[in-house]
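One structure is given below, encoded as structure tokens.
The values are calculated or read from the model by the stated rules, or taken from the named source; none is laboratory data. Not measured: the values here are computed from a predicted model. Each accessible area value is taken on the protein alone, full model and side chains, heavy atoms only, with ligands, DNA and RNA left out. Shrake-Rupley method; radii C 1.70, N 1.55, O 1.52, S 1.80 Å.
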Amino acid sequence: MSMSISSRSLPPTSMAESICRALRDGALEGEHAPALTIKDSIGSPLGSDVFAHVLGQLSSHILAGKSQSRGLVLVAFNRSPSFYVNLLKERGLEVNSSRKWIQILDCYSDPHGWKDRIVGRGKVNDVTKEASGVSTLCKDVKDMDKLCSLAVELGKGLIGEGKGRFSFALDSVNEMLRYASVRSVARVLSDLRSHDLASCVFWLLHSDLLEDKVAAVFDYMSSMVASIESAIPASNGLRISLENLSLTEQNFRKAKFFVRFKRRNGRVRLMSEEITIERSGIAFSSVSTDGGTMGGSILPKVQFNLQLSEKEQMDRAKVILPFEHQGNGKPIEIYDGRRSLADKNNEAAGTMQMTDSSKGEIIYLRDSDDERPDSDEDPDDDLDI
């Protein structure tokens, strides 16, 4: 699985841009930091590309001083610190600049401290000289409490004594679950998100490697969930064929991108786009329900017509609704089923009259004054049942 290095500029309405903007703006006072879950599967393994894009965008905002966050702590389980240093460098971001803005907690090089014991008490040298200046080795990834404390201390070192916040990024929740229980990993993510100095948190999750109820735990903790699904599903299940191999190759370059935003008022907003991996990087584009590019209409394609013709729109505009006042100056009277004395003298009970040859109306006359007019009250409300 390759991770794209660069990314072209996105349209202002892009979902990826909305996600990066939410992470850039950070947390409100008294609220938890925004959290993003990026989910993919073996059928559409582009989660690493999206993670790299979000990481690069947030880093750019931090360096430009446009983000609430003043620093970034990257917890690296799936890749080495050297990989991420090169990734950011090729995006034009200076890691070892005069301003210290990033720290990488290295949980990849020696997760159990075995290498350190083999070579003695010397420092394990699995990273480049450039990466060593921004990375800290973690030799016991099973201790989630210590890992969380170490990540927070690295963040505090970035902002110094002054006021400020920092961001967290975790490149693989699945790798963390290899060393600790779901409860422990979820507690770490919750503690990082609720920390007073946290600006935002985002992580990558391979959903098909976990049970649905486990993946749902991390979805529940997130304010944004970005799901990557196959754009072209393979036919005949897992049957190996030249056609399925071709479709699988296409799914490494294209996928559907669904994002769920949880708003502060409890409402949920759903959006969808299409991801395409190009030579210039990852691109996001709006798509319709049939997989084509979104045109002028946002209505789905169905077997019947959902739009009105010009004549139908004119006819609908002429319809007079019962509650509309016609402006004739006469008071509005509501008939309650009672007859006036004049009507009693001139009309027989149960008579139906036609007032106009071109317009008919049915007039209901009650049989007696003892009959109640129509109402919402229950006539049997006084019965003792």
Quiz item: What pairs from 66/89; 139/163; 129/163; 66/146 go past 23 Å between their alpha carbons?
Solution: 139/163; 129/163; 66/146
Quiz item: Roughly how many Å² of residue 314 are accessible to a 1.4 Å probe, to the nearest 10?
Solution: 100
Quiz item: Accessible area of residue 114, 1.4 Å probe, to the nearest 10 Å²?
Solution: 150
